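First up is the structure itself, then whatever we jot down about it.
Readers should treat all values here as calculations from the given coordinates under stated rules, not as data from a laboratory. If you're wondering where the values come from, they're calculated on a predicted model, not measured in any experiment. Here the Cβ positions follow ideal geometry from the backbone for every residue, glycine too, while neighbour counts run over all protein chains shown.
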Amino acid sequence: MSTPLFVVVGHVNRGKSSIVSTLAADDSVKIDAMPGTTSNCHRYRLRIGESVLLEFVDTPGFERPRQMLSWLKDHETNTAERAQIVTAFVDLHQQGEAFAEECALMQPILEGGIILYVVDASRPPSVKEEAEMEILRWTGRARMALLNPISSADYAQEWRAVLDQYFNLVRSFDAQRADFGQRMKLLTALREVSDTSRKPIERAIAALQDDRRANLQEAAEVLAEMLAEILTLTKQKRLAVDVDPQPYHAALSDRYYNRIRDLESRAQQRLKEIFGHRSLQVEQEEMVQLNDDLFNLSLWNHLGLTSTQLMATGAATGAAAGGAIDLAVGGLSLGAALAAGAAAGAAVSWWAGRQLPRVKVQGIPLGGQMLQIGPMSNREFPWVLLDRNLLIFDVVSHHPHASRGSVAVDSRGIVSNFPATMRNQFERVFRQLRSATVGEQIERAKSKLADDLADYLAERDLQGASDIP
Ligand SMILES: Nc1nc2c(ncn2[C@@H]2O[C@H](COP(=O)(O)OP(=O)(O)OP(=O)(O)O)[C@@H](O)[C@H]2O)c(=O)[nH]1
Ligand SMILES: [Mg+2]
């Protein structure tokens with residue numbers, strides 16, 4: 001079966017490269033507000049592993065469409081031979097300069113490429129574009145038009161009336177916003193455009209869906225691994241019996257907290273890599289201080305469970321005693337207590353000190369003393385950690401490759417919207433991890449966590465796809 005080839009054509013600066021980038025899931029495609037960014041035709045391949053599923057040719061578009069059309073018309077003999085006339089045009093002009101752009105983009109179309117004609121739905125149709133569409137109709141090849149809204153003005157209605165005359169199919173597609181589900185919808189529509197490509201496009205859709213499932217599973221494993229490793233982390237230092245341990249506290253504590261920060265940022269990097277966004281910057285949004293330090297407690301005000309939820313979850317899973325004491329500060333979460341200001345200050349510093357692990361010193365049997373910090377005893381912490389990383393997951397798993405630079409998260413926390421049964425389910429695993437003493441217990445809790453997360457991520461992904469208009 002041959003690989004379907006899509007040739008993306010359209011006027012300058014209409015979002016052609018954006019469409020190639022998003023559909024081929026490739027952020028190496030050059031995109032810019034400057035007209036004429038793409039100066040040569042270039043081929044991009046959508047691969048999974050070794051197999052190439054789809055190919056896209058990004059083009060600079062037509063340079064002189066009206067002149068080309070008038071040449072075609074001058075040489076027309078009868079309507080049935082229009083495609084041959086186009087071929088004759090390319091044969092005649094491909095060595096010359098006058099129609100270099102036209103020949104370059106016609107070549108892959110004449111080789112059997114499916115035409116994707118991109119228009120900007122926020123500008124009205126122009127005469128030049130009518131010439132382009134007419135030329136594409138002359139080729140007689142399978143062709144679809146995509147309405148890509150670059151700004152807010154809306155000429156979609158006008159465009160549809162025109163495009164319906166020239167194309168087999170017309171669809172809206174916002175390359176800068178499309179998530180995985182929308183890409184799949186577009187590919188599903190593209191099956192209809194050509195009989196010969198139907199089967200390979202279906203094969204590509206199935207392979208992409210398998211790949212998506214595998215990626216979601218891997219993301220769940222990354223999150224579970226990170227949570228398990230962080231929640232069970234301890235740092236120790238052995239000292240002789242006569243050494244004052246106090247000067248060693250800060251360094252040990254720093255090692256512990258820095259290791260947690262490091263484990264979180266590695267997990268985030270892996271999430272980005274799984275979804276092909278190695279260098280995507282995820283920015284903080286006003287409400288969710290996404291990039292705040294994990295132990296900056298104002299972050300905790302926005303993420304994690306509410307104190308009421310935390311207490312209820314504690315009660316339901318048998319951690320009530322500790323939970324009730326933890327939550328003694330006026331029913332506020334730690335972050336909310338901080339935000340309440342100076343009056344709470346004294347209580348809060350006590351609270352904060354009690355909440356996060358600190359270095360403890362113990363005597364050891366053969367003499368000497370052992371400084372230890374961890375494991376993480378704070379019940380609110382895993383929820384904050386999970387929440388922030390689910391937000392990152394949401395961004396990177398849906399982010400289209402055409403959208404560059406940084407991306408802002410515009411959502412509040414996620415875990416406080418979990419149903420109670422799910423909160424209890426996760427809380428139980430967190431508790432198992434907190435109290436695990438041998439590797440086998442940790443492994444068991446971790447794999448339960450990965451399973452629960454995999455179910456959750458798969459369900460969340462489906463919801464994302466069904467939101468698509
Ligand atoms: N808001 C919005 N902007 C878009 C969309 N598609 C493209 N743009 C912007 O429009 C500009 C041109 O996008 P490109 O994808 O480079 O367009 P092109 O047709 O390949 O441009 P040339 O190669 O210069 O012909 C860039 O600034 C994009 O960010 C879209 O769907 N929505
Ligand atoms: Mg371009």
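Annotations
- Listed residues G113, S172, W71: farthest to the positive end of the dipole of segment 5-176 (Cβ charges): S172
- Measuring nothing but how far apart in sequence close Cα pairs (under 8 Å, 6+ apart) lie, relative to its length, segment 5-176 scores a relative contact order of 25 percent.
- Semi-axis lengths, Å, the chain, gyration tensor of Cα atoms, sqrt of 5 times eigenvalues: 59, 21, 20
- About the centre of its Cα atoms, the chain shows a dipole size close to 1240 debye [charges on the beta carbon of Lys, Arg (+1) and Asp, Glu (-1) only; nearest 20 debye].
- DSSP-assigned coil residues among GluC sites (Glu not before Pro) in segment 30-114, each with at most 14 further Cβ atoms within 10 Å: E50, E76, E97, E111
- Structure-based [θ]222 nm, the chain - -39500 (n - 2.57) summed over DSSP H runs of at least 4, per residue, nearest 500: -17500 deg cm²/dmol
- Normalising the average separation of contacting C-alpha pairs (under 8 angstrom, six or more residues apart) by the number of residues puts the relative contact order of the chain at 17 percent.
- Counted by neighbouring Cβ atoms within 10 Å, the residues E218, E202 run from fewest to most as E202, E218.
- Between the listed residues S28, L303, L92, the Cα displaced farthest toward the positive end of the dipole of the chain, a dipole computed from Cβ unit charges relative to the Cα centre, is found at L303.
- For the chain, lysine pairs with C-alpha atoms less than 21 angstrom apart, excluding pairs fewer than eight positions apart on the same chain, total 9.
- For segment 15-63, the convex hull drawn through the C-alpha positions has a volume of 70 cubic angstrom per residue.
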